[in-house]
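For reference, the structure discussed in these notes is given below.
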Amino acid sequence: MEPLEIAGRLKDKFPFEVLEVKSFRDQVFVSVKREKILEICRYLYEEPDLCMNFLSDLCGVDYPERKHRFEVVYNLYSLKYNHRVLLKAQVPQDDPSINSVVAVWNGANWHEREACDMYGIVFNGHPDLRRILMPDDWDGFPQRKDYPLRGKEGAEYRGFEETKELHAHDKEWNIV
Amino acid sequence: MNDFDNGRIATTDLTLNLGPQHPATHGVLRLVLDLDGETIVKCTPYVGYLHRGVEKLAEHRNFLQILPLTDRLDYISSMANNIGYCVAVEKLFGIEVPERTQFIRTLTAEMTRISNHLLWLATHALDIGAMTVFLYCFREREKILDLFEKLCGARLTVSYPRIGGLKNDVEPQWLDELYRFTDEFPMRVEQYETLIDKNRIWLKRTKGIGVISAEDAINWGMSGPVLRGSGVPYDVRKTMPYGAYDKVKWEVPTGKNGDIYDRYRVRMDEFRQSNSIIRQCIDKLPEGPIMADAPKFTLPAKDRVLSDMEHLIHHFVLITKGPQTAPEGEVYSATEVPKGELGFYFVSDGTGKPYRMRIRSPSFVHVSALPKLCEGELVADVIANIGSIDIVLGECDR
């Protein structure tokens, strides 16, 4: 099925959820509201002639100047029909949460953990939402646009609380 | 543990930490295993020890500067990563790549697949206890690395492709040497098979172990040989062809049972397919330029730079500042690297830097499914399972 046709089907089924359909380089991007994301994903997964059974990717994107600051991008692919569509759910900054789709694709588990780790987006109903790439006691969300690429002088991470005293002499020995 | 209770020995579950510094975890992977005797009740992987923030870093680099970062993702098949990145950027820029380049890229990508699978077979067999295979595989891998060195000067982190083309053209002598390698390589693969295919220890440790059904493998997002071992003929080279894969004849090997043995078989068959692709590419290699004609994004040829003012200016701007404009939009592009589907998702805001670069790495997905493979099996099978999904933590943690 042509990706634009899938977008049309989605629009018919969820007329109030689909915000915008864009196409670039033969790929179709469908912006949706976040409230019914699980229902939308389940529909795409279960409908026999759509059969989006492969979650290629799931990631967050940060747009600080937009009304809805975050976007969660679901990259859906059908192994059966060889078609792809990218769903983009809008997530506001004051309540950065969205329903988890782990119930539909198990593969979403770690991708959602990573989006939470990097952008601070909370996935409701996720079985095990912890930091994944950054240490457990890390402050802040590194891939947000307002997070600096390099920290301030002396402000970088010095290891876990337990090992901090090991670094107490770093300054006098000039290893900072 | 020593309490006697009505004549029975009371037991407790044991929590065992495996890694991150453990030679059999193929990098800095840490697993916490809850054991009941030798059976695994729960397996929890911890990753991130090799996180370098490549995605964040890429937002502060221009498109030309990101290429060397992709070498360091899957550092044992860096050529495939480079090509994956270049294909994605070319899709974003809308650059048409010359046919000769397509063939050379296909050929080098398949060389990478062979060298990756050789390293995989060597270490996987070593994990399970077959030492000799390791030495045999490294003998052939060395030859491929030598060929890479002759081609571009680097053995591991090659950075050989460029956006819109290649760093340099291939020499006829180099092609001859590669052809000689492909002459004898199928015989070498048979040698590896005689070493382990009928080995009872090998069979007992791989057949029926780490089974994952086709539905589960798809649902977990697995790709590459792991998915094909479960009988799903999904290969990005066939479904979304790039390079010259639609111009050569080859097949997608698949397994049936989805166990470690079938994943091994798939990779062994891929050796032969890759070998045949390389030979066909050499036979069909067309003449022509190797760089696309898109002066705003691709580096002009050196002889033009030295003789032509306009090209000199393009070269100067690209090297000192990078591409000044990029089309606005979003693009997802996938390529089949030796480990599975490597995807690049770009959000471009029109400047010469990506607004967001997302790397969909196969290893990350495969590690996430490790508990599914391991739970209910024995401790020793964890090592066999880690080997069979062929992970590299540089790519997993990015």
Checklist outcome for this item: From the Cα centre of the range B:322-345 to that of the range B:205-263, the distance in Å is 22
Checklist entry - Can you list the aspartates and glutamates whose alpha carbon sits under 20 Å from that of A:Lys11, skipping same-chain ones fewer than 8 residues off? => result A:Glu2, A:Glu20, A:Asp26, A:Glu35, A:Glu39, A:Glu46, A:Glu47, A:Asp49, A:Glu71
Next on the checklist: Using the crude model of +1 on Lys and Arg Cβ and -1 on Asp and Glu Cβ, and no other charge, please compute the dipole size for the range A:3-167 relative to its Cα centre, in debye to 20.
Outcome noted: 580
Checklist outcome for this item: From DSSP H assignment alone, runs of 4+ in chain A each adding -39500 (n - 2.57), the sum over residues rounded to the nearest 500 puts [θ] at 222 nm at -5500 deg cm²/dmol
Checklist entry - Where does each of B:Thr335, B:Thr239, B:Thr254 land when they are ranked from fewest to most other beta-carbon atoms within 10 angstrom? => result B:Thr239, B:Thr254, B:Thr335
Item to check | Of A:Lys22/B:Lys91; A:Lys36/B:Lys56; A:Lys33/A:Lys145, pairs whose Cα-Cα distance is over 24 Å | outcome: A:Lys36/B:Lys56
Item to check | Pairs of Cα atoms farther than 23 Å apart, the range B:288-369, % | outcome: 44
Item to check | Estimated distance in nm for a label pair at A:Ser97 and A:Lys22, the labels positioned 7 Å out from Cα along Cα-to-Cβ | outcome: 2.8
Checklist entry - Of A:Gln90, A:Gln143, A:Gln27, which has the largest mean-square fluctuation in a 10 Å C-alpha GNM of chain A? => result A:Gln27
Checklist entry - Relative to the longest principal Cα axis of chain B, at what angle does helix B:99-128 sit, 0 to 90 degrees, rounded to 10? => result 20
Item to check | Averaged over A:110-123, number of beta-carbon atoms from partner chains that fall within 10 Å | outcome: 2
Checklist entry - When chain B is modelled as a GNM with alpha-carbon springs shorter than 10 Å, which of B:Val379, B:Val87, B:Val232 fluctuates the most? => result B:Val379
Checklist outcome for this item: Among B:Pro241, B:Gly376, B:His366, the residue whose Cα sits farthest towards the positive end of the charge dipole of chain B, when +1 is placed on the Cβ of each Lys and Arg and -1 on the Cβ of each Asp and Glu, is B:Pro241
Item to check | Average beta carbon contacts from partner chains per residue of B:219-228, 10 Å cutoff | outcome: 4
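Restricting to Cα atoms and excluding each atom paired with itself, what does the Kirkwood estimate give for chain A in Å?
On the way: mean 1/r = 0.0555 Å⁻¹.
Over chain A, the inverse of the mean reciprocal pair distance is 18.0 Å.
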Item to check | Three-way shape label, the range B:133-213, alpha-carbon gyration tensor, a/c 1.5 | outcome: prolate
Next on the checklist: With 10 angstrom as the radius, rank A:Val61, A:Val21, B:Val226 by how many other C-beta atoms surround their C-beta, starting from the fewest.
Outcome noted: A:Val21, A:Val61, B:Val226
Checklist entry - Averaged over peptide A:54-64, how many Cβ atoms belonging to another chain are found within 10 Å of each residue's Cβ? => result 6
Checklist entry - Among A:Asp117, A:Asp49, A:Asp57, which comes first, then next, by fewest other beta-carbon atoms within 10 Å? => result A:Asp49, A:Asp117, A:Asp57
Next on the checklist: Counting only helical runs of four or more DSSP H residues, what would the 222 nm mean residue ellipticity of chain B come to if each run contributes -39,500 (n - 2.57) and the total is spread over all its residues?
Outcome noted: -15500 deg cm²/dmol
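Values in this text are rule-based calculations from the coordinates and carry no lab data. As the structure is a prediction and not an experimental result, all values here were calculated from the model. Positions of Cβ are backbone-derived with ideal geometry, glycine not excepted, and every protein chain shown enters the neighbour counts.
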